[in-house]
Amino acid sequence: MAHLIITWAADLATHGTEGNDREHIDLFYMVTDKGWRITRDSQDGEPVWAASREGQTEIIPCPPLTTTFYDAFADYIDGAPFPSTLADITSASRDVALIRQQAY
């Protein structure tokens, strides 16, 4: 996917010595190699992706991310009950390996 970033000339304009007092409009979209325009949206208060192309629109739900061992332990630090499952040596060593790969 190509991530399109557009800098509007209005964002660079200064309208006086007091600074630039303008409204900021946050736009986010991506275009796939097949021509689908993907935008953030919400439906019934839940986040979704809206994919559109040639007048056709498809709504793609965004399920919440699964909770990891680390999320559960962070929740415990914030006052939640102690997690029933903690990270084991296999998952911890895999994480250390990933971090070391990125460091070099």
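No lab work stands behind these numbers, since they all come straight from the coordinates. Given the structure is predicted, the values throughout are model-derived calculations rather than measurements.
For the stretch 55-104, the convex hull drawn through the C-alpha positions has a volume of 174 cubic angstrom per residue.
Between residue 57 and residue 80, 0.36 nm times their residue separation minus their Cα-Cα distance comes to what? Contour length minus Cα-Cα distance gives 4.2 nm. Distant-in-sequence amide contacts of residue 48, defined by a placed amide H-H separation under 5 Å and a gap of 5 or more residues or a different chain, comprise 41, 42, 43.
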